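These notes concern the structure reproduced below.
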Amino acid sequence: MRRSAPRLVRDGFGPLATFYIGWKLIGLTVGIGASAVFGVAIFLHERRQGRPAALVRVALALVAIRALVGLTSGSASVYLAQEIGLDVLLGSTVLGSLAAGRPISTWIAGDVYPFTDEMRRSHTFRDVMRTVTVVWGVYFLARAAVRLAALLTLSTNRYVLVVALSDVPFLLVLLAWSVRFTMSAFRRSEQWSTLFAATRPSELA
């Protein structure tokens, strides 16, 4: 958690924060550009560190979509409203990966813990990843509903606050839950109980 949580805050909140600062201080185009540059810089940093950067790849793709729509529309409201559509897309993609039999959390798990190939082939890993995928998918869809309500009833500045509050705090809680849930499942497993019983929770992230 000590290693993963700061990266999650950076990847989840960084693009929005850089956009908002650039937009308010200079203008819409600068805000969009700053957000895109931030996403690219973080991706390159993660690759240099030798990490899979799965989460950053997703964040970078979302930054590119935001930038394209924001620049073509020329509207900060449209740029920010994309968060709702992107949440629906994320939730649908996450749950769709489960329906396809390839839970997306199995792809992202490598950013949090170096699971071996043997671990990934185990029933414990597959069962845990399915549960984690469902929870994350439901979260994204619920977040979209909350943000839609905020967009329809609040000012732009207050909407940005709702976006921020519904993002990082909940992401950190879900990350902590995902790590602990995974750890508990492996500890209960006959195959992995000995290995994970000797592993501290902080080593799982």
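The values are calculated or read from the model by the stated rules, or taken from the named source; none is laboratory data. Predicted model, so just to flag it, every value in this text is computed and none were measured. We place every Cβ from the backbone using ideal geometry, glycine too, and count neighbours over all the protein chains shown. Remember, those area values only see protein heavy atoms, side chains included, never the ligands or the DNA or RNA. Shrake-Rupley method; radii C 1.70, N 1.55, O 1.52, S 1.80 Å.
In nm², what is the average projected area of the convex hull enclosing the Cα atoms of segment 118-190?
Result: a mean projected hull area of 5.3 nm².
Top to bottom by accessible area (1.4 Å), largest first, where do ARG187, ARG147, ARG180 land?
Most to least solvent-accessible, the answer reads ARG180, ARG187, ARG147.
Calculate the length of the line joining the C-alpha centroid of segment 22-41 to that of segment 61-100, in whole Å.
17
For a bin width of 5 Å, list the pair-distance distribution of segment 62-189 built from all Cα-Cα distances, rounded to whole %.
Histogram of Cα-Cα distances, whole percents per bin: 2, 10, 17, 19, 17, 12, 10, 7, 4, 2, 0.
Hey, rough spin-label estimate for SER184 and TRP107, points 7 angstrom out along Cα→Cβ, what's it come to in nanometres?
It works out to 2.8 nm between the two label points.
Can you classify segment 75-143 as rounded, prolate or oblate using the Cα gyration tensor, where a ≥ b ≥ c are the square roots of its eigenvalues, rounded means a/c under 1.5, and otherwise it's prolate if a/b beats b/c and oblate if not? It would help to have the intermediate numbers written out before the result.
Numbers: a/c = 3.43, a/b = 2.31, b/c = 1.48.
Because a/c hits 1.5 or more and a/b exceeds b/c, segment 75-143 counts as prolate.
Heavy atoms of the protein only, probe of 1.4 Å, neighbouring chains included. What is the accessible area of ARG47 in Å², nearest 10?
110
Under a crude label model (7 Å from the Cα following the beta-carbon direction), how far is SER75 from LEU152 in nanometres?
Result for the modelled spin labels: 1.7 nm.
Kindly report, to the nearest 10 Å², the accessible surface of TRP23 as traced by a 1.4 Å probe over protein heavy atoms only.
Here the residue's solvent-accessible area equals roughly 50 Å².
Once you have the Cα-Cα distance between LEU68 and LEU141, take 0.36 nm times their residue separation minus that, and quote the gain in nm to one decimal.
Numbers: separation 73, 0.36 × 73 = 26.28 nm, distance 2.30 nm.
Going from the current span to full extension adds 24.0 nm.
At a probe size of 1.4 Å, how large is the accessible area of PHE170, to the nearest 10 Å²?
110
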